[in-house]
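Report on one structure; see the data block that follows.
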Amino acid sequence: MADWHAPQGPFDIPDVPSFVPRRLKPWLFIFFVLIIQFSGGIYLAAASDMVGTTGLMQQDILMAGYASIIGLAINFAVMFRIKFRFSNRTQLLACCIVLIAANFICAHTDSVPLLVTTCFVAGWFRMQATFACNSTLQLWLTPTRDMSVFFCYVYIIVDSVIQLSGIAVIYTAFYSQWEYMHLIMTGLLVLMMLMVLVLVRPVRAPMFIPLLGIDWIGAILWSGFMMSFTFICVYGNYFDWWEAQEICVATVAALLCLGINLWRASFLHHPYISFMAMKNRNVIRATGIYLIFFTLIATEHVFEHSYAASVLGFDETNLIDLNWYVFAGIIAGCAFTYFTFALRKWRYKTMTAISFALAIVYLAWFYFMIDYGVEKEMLFLPLFFRGAASVIVSIVFLTSIVQSGLPFQVFPQALTINGFTGAVMGATFGPALIGELLGHVMAENSALLSAAATDTCLEAVNMHLGNLYGLVAVQALVESMKEIYGLLLIIAAVSLLVILVSYSPARPWAIFPKWKTIRRTLKHIARSESRA
């Protein structure tokens, strides 16, 4: 039976027949990864178009989008087991079929439960297909299995596709309809299936590892906790938080799922997420940094669209063109992290301080420069720094999880925690908090400006009352955003000061185990469970 990679000589992929040139084999899998990453089930950039044509609310579409990320995160704990159970060919074909079905459903349904469930399943399979491809490329990217190098590649693909897919969706909707993006991706997935059938052979690992010992009940309960937490953050403001029955039910469901999971983890031999993963110092540190950092830049989700659309008057195409600025920051951030953190082994403390410093530049620009006459090109600097900062902190702390000293059987569980706290909580908790703060601050500023506008109206009776109060609303929005940017700027500066005065000499040395070692570990787990 062929092994995953040639043990000696130039890198090769046994799954791909020899008539394909060896140098082209890795690029074939990169092409597959790009198609898979673009096939997310639902596209948040098309939210306004979907609201207008399907009758869904903005919150419904956000919930579906975050459900896809939850499905992705929950897969981390079992992705190695599935990789060693099925060949790359089987995994890629199955994932293509599921993603094709997800694209069809997301383009035609207006049922929120069906949409959310579909996106959750699509996220799970999208992660598995991505892992099947990326793990095959690992030794090509870093023969020494240095994960700080590997994660630079991962994030330059994943974060770049997020920006590029938004651009593609908006321009597809501008020239035709948003549903056509799903049709285009379905065509690309069909093309990928044909290429897999022709160019990828069903090569399995030397050891057959059955799917024994997986805590599927725990997976369902953790998914329920994550979905309930996300529901509270997404719909909280709409339902007026705990004044509504829906939020109370979601809170009870989240607490029950979390409590049952913790109780089961206390006696199960192989829980879906163990206490060892939850109590690990690097996991806890990464969770804390994610909550602080992504809350600081949560204005991305709350302010930027409102500011550019309501104050600057940008249309959809001008709004999505801002993604190019973030895309440039992501490329620069990955390149910077590669040359400094991965190659030169700069300290974790240094890289974290740099990412927070970039976030400070982002916040400071908006605090001092936010106004009515800002040109689109002037937004390049803050958005560029935001993109670079977010990708740097993500690469650095994901690398720290690998270097946490956890046994390999626990390591995937830590990745699930990292995926939930970094991608899900980072994208939902911060915007919910900032959005609620904006509502209170804007109410105060609107009251103050309305009083001044009333006096102005008495003096200028010829001015249309509706236009006057429209100006008051816009002015209140600008003043409120400026006030919150200032508050976040202070918090970011204090956070950076704490990082600078802390002492941590640790440098990245995150070496991934050999695939032979991983296979033996998983085989031992499966055997122990079969005996039990």
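The values are calculated or read from the model by the stated rules, or taken from the named source; none is laboratory data. In this text the structure is predicted, and so the values were computed from the model without any measurement. Methodologically, a virtual Cβ is constructed for each residue, glycine included, from the backbone with ideal geometry; neighbour enumeration extends over all protein chains shown.
Only one of the listed residues (Phe104, Phe86) is in the same structural domain as Ala45 (by TED's automatic domain parsing), more than 21 Å from the chain's Cα centre (by Cα) and over 30 Å from Thr521 (Cα atoms). That residue is Phe104. Do the conditions hold for Asn318, that is, is it buried (at least 16 other Cβ atoms within 10 Å of the Cβ), assigned to a helix (DSSP H, G or I) and not hydroxyl-bearing (Ser, Thr, Tyr)? It is false that Asn318 is buried (at least 16 other Cβ atoms within 10 Å of the Cβ), assigned to a helix (DSSP H, G or I) and not hydroxyl-bearing (Ser, Thr, Tyr).
Candidates are the residues of region 56-75 that are over 17 Å from the mean Cα position of the chain (by Cα) and in a helix (DSSP H, G or I); the one that is surrounded by the most Cβ atoms within 10 Å (Cβ to Cβ) is Asp60.
Mind checking which residues of region 36-55 are outside any helix (DSSP H, G or I) and crowded, with 21+ Cβ neighbours inside 10 Å?
From region 36-55, those outside any helix (DSSP H, G or I) are 39-43, 55; that's our starting set.
Answer for region 36-55, where residues must be outside any helix (DSSP H, G or I) and crowded, with 21+ Cβ neighbours inside 10 Å: Ser39, Gly40, Gly41, Ile42, Tyr43.
Please find, within region 364-422, the residue that is farthest from the chain's Cα centre (by Cα) out of those that are in a loop (DSSP other than H, G, I, E, B) and of a type in the set (Ser, Thr, Tyr).
Start the filter on region 364-422 by keeping residues that are in a loop (DSSP other than H, G, I, E, B), which leaves 370-375, 403-410.
Right, trim to of a type in the set (Ser, Thr, Tyr) and you get 372, 404.
Details: Tyr372: 31, Ser404: 22 Å.
If we take residues in region 364-422 being in a loop (DSSP other than H, G, I, E, B) and of a type in the set (Ser, Thr, Tyr), then Tyr372 is farthest from the chain's Cα centre (by Cα).
The set of residues in region 224-236 being hydroxyl-bearing (Ser, Thr, Tyr), over 12 Å from Met425 (Cβ atoms) and under 16 Å from the mean Cα position of the chain (by Cα) is empty. I'm trying to understand the selection: among the residues of region 282-319, which are at pLDDT below 85 and of a type in the set (A, V, I, L, M)? Scanning region 282-319 gives Val302, Ala308, Ala309, Val311, Leu312, Leu319. Just one of the numbered conditions (1) closer than 22 Å to Gly71 by Cα; (2) modelled with pLDDT under 90 is not true of Phe231; which one? Of everything listed in (1) closer than 22 Å to Gly71 by Cα; (2) modelled with pLDDT under 90, Phe231 misses just condition (2).
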